[in-house]
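S.K.: Take a look at this one; I'll ask things after.
The values are calculated or read from the model by the stated rules, or taken from the named source; none is laboratory data. Just so it is clear, the structure is predicted and the values come from calculations on it, not from any experiment. Here Cβ is always computed from backbone atoms with ideal geometry, including for glycine, and neighbour counts include all displayed protein chains.
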Amino acid sequence: MQEGASMLEKIAGFLLLRKSISAGTSLIESLLVGMALVFMLGLLASMLLTSLIAGGIYVAYHVMIAHGVVPLTADYILGCVIFLMFMIIVLAAMLFAYRISYIPKQLVSADSAIGRHVNEAIDAFADGFATASAKK
């Protein structure tokens with residue numbers, strides 16, 4: 001029984017999100033446009049950061065060679081630095097993915113504003129339905 005109420009809460013929550021802000025766009029459409037914009041800006045920023053990191057590694061390699069470090073040692077040092085940066089990025093991505101996975105659960109929970117209004121609406125409907133059935 002609780003499973004059905006949970007699904008009904010989710011459906012009602014999405015219907016509330018569908019409510020229009022203006023005549024032309026809905027909240028969902030605005031959310032999707034905003035998400036696409038954030039994705040594209042993030043992609044652009046990551047490409048720029050990648051080029052800066054690659055340039056920095058190139059300069060660091062040549063500086064190490066100019067200071068008398070053996071090329072194989074410079075390769076190992078920079079390989080370890082690159083691996084460390086990669087692991088930090090992967091761990092950060094995993095952390096953010098873990099945090100994002102809880103957003104839908106918080107959206108329909110009874111503690112959230114939407115969840116509370118959905119629960120109140122469902123309770124009012126159930127009370128009205130039970131009262132109308134009892135009068136017949």
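S.K.: Pairs, please: C-beta under 6 Å, at least 6 apart or cross-chain, first residue under 13 Å from residue 82 (Cβ atoms) and in segment 41-58, second part of a helix (DSSP H, G or I)?
M.R.: The qualifying pairs are 57/78.
Residue-wise test of (1) surrounded by 10 or more Cβ atoms within 10 Å (Cβ to Cβ); (2) modelled with pLDDT under 80; (3) within 21 Å of the chain's Cα centre (by Cα); (4) part of a helix (DSSP H, G or I).
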residue	(1), (2), (3), (4)
41	yes, no, yes, yes
44	yes, no, yes, yes
55	yes, no, no, yes
60	yes, no, no, yes
79	yes, no, no, yes
86	yes, no, yes, yes
92	yes, no, yes, yes
106	yes, yes, yes, yes
115	yes, yes, yes, yes
